[in-house]
Structures are given as structure tokens and as C-alpha cells.
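K.L.:
Sharing a structure here in C-alpha cells format.
The values are calculated or read from the model by the stated rules, or taken from the named source; none is laboratory data. Keep in mind that this is a model prediction, so the values were computed, not measured. Virtual Cβ from ideal backbone geometry, glycine too; neighbours counted across all protein chains shown.
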Amino acid sequence: MLKLEEPLKHEKIKLGFYPYTYVRTVVMRALLFRRDEYHKMLKMSFSEIAKFLQESHYKREINELATKYSGADLLELAINKNLASSFKKLIRISSFELGLLIKEYAKRKDIEDIKTILRGKFTNTEEKLILNSITAAGTLSYEFLISLLKKESIDEILKSNKIVDFSLFEDGLKYLKEKNSLVGVENTLDKYYYSHLIQFSNILPKEGALFRNFLLKEVEILNLLTLLRLKKAKLAKEAVKDFIILSGNKAKDSKMAKLIDLEDLGQLSKALEKTEYKSMVVKGIEDFKKTGSLIALETELYKYLLNKSVLFMHQHPLSIDVILGYMFAKDIESRNLNIMLKGKQLGLKEEFIESQLILE
């Protein structure tokens, strides 16, 4: 497992019973778009979707931004701003202890934003396009993220990032210079985030058990996706190990080690067909053979995670799991809307756009 600069030193967090926060979160969850609403939007034109969003829970953000922006820029920024507002509202209506949990989970958006800035800088993407993709839904402010974007080099961005210590990027920067690829740097960011969050979950009381289980499941799925991509690329086993996030759970890490040792994508898919992911893997690999892409499998695995989060919320409506479930589902909604809008802009077929969406 990636070593952190300092282990977490918190004592066990004491979580009380917060019915006000939980009920407010359930109300926020009820605003999220349902499957039938996505199907309605799929049949609409771009301008019709824009009008539909303006009459929904995105109304305030769209109206606020409409004086400066229009079209796709307006909607993309409104979706990102709404996501950030939702996460920050959760922190406002939470106790200090719950706020700690929400902030730790929300740091995934910081990591995504830093990666967006790094990719933009690496590919010399127009600054406006990078800004449109920044969510500022984590713990870093929009102003700070803009300041990162203004940095002259990738090294300077990493030195100033505020989340991961610069010394941890040594191998990633070496890989960048040798292979002209950001994969190593991005892997360091991901490994830090999940290693840190797993450590944090260990200081939660028994009420945090489902949070830990969900987190371990998410790490497992991310590792499987990484393995599938790297096996497809025929990367050497020793190199693959560097990209895997260890969970600290001996049984799970041992199973992952066995999967790493498999020779190729064919062996890996056969092994996964003996697991709970069988139906998803069969469908995804079938699509891969036709298209050469693993996107269908990735979508199926994320659908599985979304359904897990929904299950948490229904089984434990007055617990911290309702917050975790909402944050995951809200993030998925933002992703779905951006995919749909881009698909409509490009004139893609309704069936193809729908295949990319993660719906309950």
C-alpha cells in the first residue's frame, strides 16, 4: 500500500444520531433524476434538455450563470456548481463529526479536479475548456483550483496541490519523463486518496461499518477495471502491481494478488466469471470483442456500485449511509447529465447515449 507521510492519529470518531441531517439528505436524494426522467431527456433535443434542466433543481445555478454564459458552457458549469453546492450544503447541515466524514469522502472531487488540471496542462487544452470541467465540489475552493491552473508546469501544480505531498510523486514524475504519460502521477493521486480514506474509515465507530464495506467494494471494482485495462495493454505483472490499491484487508488483497498473476485478459475474464461480477463481465467482454473498448464493462460495474448505494439508503435511512449513498448518487447524476449533453451535441444515437448512462 502507498505509504502516507503521516498516519492518521485521530481517536475513534463518536457519531451520534442526527435525524435532522438524515431526513434533509433523504429530501435532497428525492430531487435526483429517476430512470423515467432520463428516458424523457433522451428523446429531447439539446435545447429541450436545457429548458427541462432550467425547470428542475438546477434552476438557480442556470439562472445565476445565464448572464455570463450560454449553451453547453452554461449547462456544464451549472451542473458542476450544483454538485458543489449540494456537497457544501451537506456539510452545513451536519455536525462537526459528520462534517469530517463528508469532507474526507468529498476529497475525491479534489483529486478529480487536480487530474483535470494536469491533463489540461499536459495536452495544452484551452483554459476555458479546463475551467468548465472543474467542479470545486471537494475541499479545495474554485479560486485555489484556478491558481493551480495558472501554474507554469506539472511539477509546480503538484508542489502546490495541498492534498498529496510532492515527495510521493517521485515515481510518477519519472514515469512521465520516460513514457510521456500522466498515468503514474494520476495513480499516485488515486492511491493516496483511497489509502487515506480507508485509514479514516478505521477510526469510525460501528455505525461506519457499511461505509467501510462500500469503500472496500469500490476499491475492489476500481482495481478490477485497472487490471482489465492493463491486461488488455499486456503490461508486465510486476508493473501492474504498482497500479493496484491495497485495501489492508488480507483476504481481499490476497484475491487481488492472484488475479494480478493471471497471464492475460482471457484468463482474467474467466476468473471473474466465477465471482459476483459474472453477468457484468460476460456482457462487458462480449462488447469488448466487438468494439475493442471496455467502456461497457466499466459502466456495468458502476451501475452495480450505484445500486449498492441505493440499497444502503433503503436499509439504513437514518444513518450515515444515507449521506454516502446520496453523495455517490449525486456524483453519478452529474456524470450522466454531462454524457447526455455531449452526446446530443455530437448527434449520437439515443441508444448509444443510454448505454453510457448509469441508471438505478
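K.L.:
Which residue is nearest to the chain's Cα centre (by Cα), if the candidates are limited to the range 237-293 and must be in a helix (DSSP H, G or I) and of a type in the set (Asp, Glu)?
P.N.:
Here the residue is ASP253.
K.L.:
Quick check on this structure: which one of LEU77, LEU98 is closer than 24 Å to SER45 by Cβ, over 17 Å from the mean Cα position of the chain (by Cα) and surrounded by 14 or more Cβ atoms within 10 Å (Cβ to Cβ)?
P.N.:
None of the other options fit; the residue is LEU77.
K.L.:
Return yes or no: is LYS258 free of Cβ contacts under 8 Å to residues at least 40 places away in the same chain, closer than 30 Å to TYR58 by Cβ, surrounded by fewer than 15 Cβ atoms within 10 Å (Cβ to Cβ) and out of contact with any Leu (no Cβ under 9 Å at 6 or more places or on another chain)?
P.N.:
no
K.L.:
Does SER309 count as more than 29 Å from ILE49 (Cα to Cα) and either of a type in the set (Ser, Thr, Tyr) or modelled with pLDDT of 90 or more (or both)?
P.N.:
Values: more than 29 Å from ILE49 (Cα to Cα): no; either of a type in the set (Ser, Thr, Tyr) or modelled with pLDDT of 90 or more (or both): yes.
Considered against the rule, which asks whether it is more than 29 Å from ILE49 (Cα to Cα) and either of a type in the set (Ser, Thr, Tyr) or modelled with pLDDT of 90 or more (or both), SER309 comes out as no.
K.L.:
Out of contact with any strand residue (DSSP E or B) (no Cβ under 9 Å at 6 or more places or on another chain), surrounded by 19 or more Cβ atoms within 10 Å (Cβ to Cβ) and polar (S, T, N, Q): is that true of THR135 in this structure?
P.N.:
Considered against the rule, which asks whether it is out of contact with any strand residue (DSSP E or B) (no Cβ under 9 Å at 6 or more places or on another chain), surrounded by 19 or more Cβ atoms within 10 Å (Cβ to Cβ) and polar (S, T, N, Q), THR135 comes out as yes.
K.L.:
Please verify whether ALA78 is touching a residue at least 24 places away in the same chain (Cβ under 8 Å), among the small types (Gly, Ala, Ser), on the phi < 0 side of the Ramachandran plot and in contact with a helix residue (DSSP H, G or I) (Cβ under 6 Å, 6 or more places away or on another chain), treating the condition exactly as stated.
P.N.:
In short, yes.
K.L.:
Same structure, new question: Do any residues in the range 43-63 that are aromatic (Phe, Trp, Tyr) have Cβ atoms under 9 Å from those of residues that are assigned to a loop (DSSP other than H, G, I, E, B), where the two are at least six apart or on different chains, and which pairs are they?
P.N.:
PHE52/MET44
K.L.:
Please go through the range 294-314 and pick out each residue that is part of a helix (DSSP H, G or I) and of a type in the set (A, V, I, L, M).
P.N.:
Scanning the range 294-314 gives ILE295, ALA296, LEU297, LEU301, LEU305, LEU306, VAL310, LEU311, MET313.
K.L.:
Cβ-Cβ below 7 Å, separation at least six or inter-chain, first residue in the range 147-169 and farther than 14 Å from GLY184 by Cβ, second among the aromatic types (Phe, Trp, Tyr) and surrounded by fewer than 18 Cβ atoms within 10 Å (Cβ to Cβ): which pairs?
P.N.:
Listed by first residue and then by second, the contacts come to LYS159/PHE166.
K.L.:
Of the residues LEU182, LEU168, only one is among the hydrophobic types (A, V, I, L, M, F, W, C), buried (at least 19 other Cβ atoms within 10 Å of the Cβ) and over 15 Å from the mean Cα position of the chain (by Cα); which?
P.N.:
On the way: LEU168 fails: buried (at least 19 other Cβ atoms within 10 Å of the Cβ).
Just a single option satisfies the conditions, and that option is LEU182.
K.L.:
Still on this structure, I have one more. If we only count helices (runs of 4 or more DSSP H) wholly inside the range 40-104, which ones have 1 or more residues that are closer than 25 Å to VAL23 by Cβ?
P.N.:
Hits in the range 40-104: 59-65, 71-92.
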